[in-house]
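Q: For reference, the structure I am asking about is given below.
The values are calculated or read from the model by the stated rules, or taken from the named source; none is laboratory data. The structure presented is a predicted model; accordingly, all values stated were derived computationally and were not measured. Every residue, glycine as well, gets a Cβ built from its backbone with ideal geometry; the counts of neighbours run over all protein chains shown. When the accessible area is computed, the model is the full protein with side chains, heavy atoms only, and any ligands, DNA or RNA have been set aside. Shrake-Rupley method; radii C 1.70, N 1.55, O 1.52, S 1.80 Å.
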Amino acid sequence: ATSMEKVLPRAVPVSIAVTNRFQVSAARNEKEAFQVVVTPFARDLKRVRLRVSDLVSEPGTSLPRKCVQSPPVGYVQTAARPPYGTSHVGWWPDPILDFMSEADIARGDAQAFWVRVRIPKNQPPGTYKGRIDLLVAETAACSFELTVRVHPFTLPDASPLPLAITFAHHDFPQPETK
């Protein structure tokens, strides 16, 4: 699923595609994300996680696996419809659980893993390929190809555009970007 899709854990269809490959395109100093959704049909699954390989370009340049993280998405239970409205009341995907690497998944539930690719500022441009393995209790259940295209330009550390609402000092424009 894309990073914009809210993957509900139960009983509601989502716009996900079944595929054995993912492609991400990003500039240097940029982050991009997508979701891997696991839905067991036969039985509950314990200790499910994703393992990412190093990604390598044709000339042999590496994008280290530490640049790709894949924590599970957490869910919070809502009980009432807010005044601004919502399409769903119940278990709602919200926190990205960066402090976790695996999750248990009940049969019939959907569990999303947030795959975040961070491109270093000095990463050479090119197309990098690697694998994502879906592990269940440390046993590989399936694998997917991951392709990351790195563009030949670098995004600035901070946005030069002021935000209407912000709570972090790093969101303010830097003097050299005014």
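Q: Looking at Pro93, Pro9, can you tell me which residue is at pLDDT below 95, surrounded by 16 or more Cβ atoms within 10 Å (Cβ to Cβ) and not in a loop (DSSP other than H, G, I, E, B)? Reasoning before the result, please.
A: Details: Pro9 fails: not in a loop (DSSP other than H, G, I, E, B).
Unique residue meeting the criteria: Pro93.
Q: Basic (Lys, Arg) and either farther than 20 Å from Leu8 by Cα or in a strand (DSSP E or B) (or both): which single residue out of Arg107, Arg49 fits that description?
A: Numbers: Arg107 fails: either farther than 20 Å from Leu8 by Cα or in a strand (DSSP E or B) (or both).
The unique qualifying residue is Arg49.
Q: Could you look through region 33-46, keep only residues that are open to solvent by less than 60 Å² (accessible area, probe 1.4 Å) and part of a strand (DSSP E or B), and pick out the one that is farthest from Ala141 (Cα to Cα)?
A: Pass one, region 33-46, residues open to solvent by less than 60 Å² (accessible area, probe 1.4 Å): 33-40, 45.
Okay, now just the ones that are also part of a strand (DSSP E or B), so 33-38, 45.
Working: Ala33: 22, Phe34: 20, Gln35: 17, Val36: 14, Val37: 14, Val38: 11, Leu45: 11 Å.
Among them, the one singled out is Ala33.
Q: Kindly check whether there is at least one residue in region 13-21 that is within 17 Å of Glu145 (Cβ to Cβ) and surrounded by 17 or more Cβ atoms within 10 Å (Cβ to Cβ).
A: No, that holds for no residue.
Q: Collect the residues in region 63-78 that are open to solvent by 50 Å² or more (accessible area, probe 1.4 Å) and either of a type outside the set (S, T, N, Q) or in contact (Cβ under 8 Å) with a residue 24 or more places away in the chain (or both), keeping them in residue-number order.
A: The answer is Arg65, Lys66, Gln69, Val76.
Q: Ok, one more. With respect to Ser25, determine if the residue is closer than 21 Å to Leu146 by Cα, open to solvent by 30 Å² or more (accessible area, probe 1.4 Å), assigned to a loop (DSSP other than H, G, I, E, B) and not aromatic (Phe, Trp, Tyr). Give the steps one after another, and end with the answer.
A: On the way: closer than 21 Å to Leu146 by Cα: yes; open to solvent by 30 Å² or more (accessible area, probe 1.4 Å): yes; assigned to a loop (DSSP other than H, G, I, E, B): no; not aromatic (Phe, Trp, Tyr): yes.
Judged against the criteria, Ser25 is not a match.
To keep it simple, each residue is scored yes or no on (1) modelled with pLDDT under 95; (2) surrounded by fewer than 15 Cβ atoms within 10 Å (Cβ to Cβ); (3) among the hydrophobic types (A, V, I, L, M, F, W, C); (4) under 21 Å from the mean Cα position of the chain (by Cα).
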site: Arg118; (1), (2), (3), (4): no, no, no, yes
site: Lys121; (1), (2), (3), (4): no, yes, no, yes
site: Pro124; (1), (2), (3), (4): no, yes, no, no
site: Tyr128; (1), (2), (3), (4): no, no, no, yes
site: Val136; (1), (2), (3), (4): no, no, yes, yes
site: Thr147; (1), (2), (3), (4): no, yes, no, yes
site: Leu163; (1), (2), (3), (4): yes, yes, yes, no
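Q: Does Val56 fit the bill of being assigned to a strand (DSSP E or B), open to solvent by 50 Å² or more (accessible area, probe 1.4 Å), touching a strand residue (DSSP E or B) at 6+ places or on another chain (Cβ under 6 Å) and under 30 Å from Thr154 (Cβ atoms)?
A: Details: assigned to a strand (DSSP E or B): yes; open to solvent by 50 Å² or more (accessible area, probe 1.4 Å): yes; touching a strand residue (DSSP E or B) at 6+ places or on another chain (Cβ under 6 Å): yes; under 30 Å from Thr154 (Cβ atoms): yes.
Spelling it out, Val56 is indeed assigned to a strand (DSSP E or B), open to solvent by 50 Å² or more (accessible area, probe 1.4 Å), touching a strand residue (DSSP E or B) at 6+ places or on another chain (Cβ under 6 Å) and under 30 Å from Thr154 (Cβ atoms).
Q: Let me ask another. If you go through region 83-130, how many residues are without any contact (Cβ under 8 Å) to a residue 60 or more places away in the chain, among the hydroxyl-bearing types (Ser, Thr, Tyr) and either in contact with a helix residue (DSSP H, G or I) (Cβ under 6 Å, 6 or more places away or on another chain) or closer than 29 Å to Ala27 by Cβ (or both)? Give the steps one after another, and end with the answer.
A: Going residue by residue through region 83-130, those that are without any contact (Cβ under 8 Å) to a residue 60 or more places away in the chain are 83-87, 89, 94-103.
Checking the rest, the ones that are also among the hydroxyl-bearing types (Ser, Thr, Tyr) come to 84, 86-87, 101.
Okay, now just the ones that are also either in contact with a helix residue (DSSP H, G or I) (Cβ under 6 Å, 6 or more places away or on another chain) or closer than 29 Å to Ala27 by Cβ (or both), so 101.
Going through region 83-130 one residue at a time, the tally reaches 1.
Q: Whether any residue in region 54-62 is at pLDDT below 95 and either in contact with an Asp or Glu (Cβ under 8 Å, 6 or more places away or on another chain) or among the aromatic types (Phe, Trp, Tyr) (or both) is what I want to check.
A: No - not one qualifying residue is present in region 54-62.
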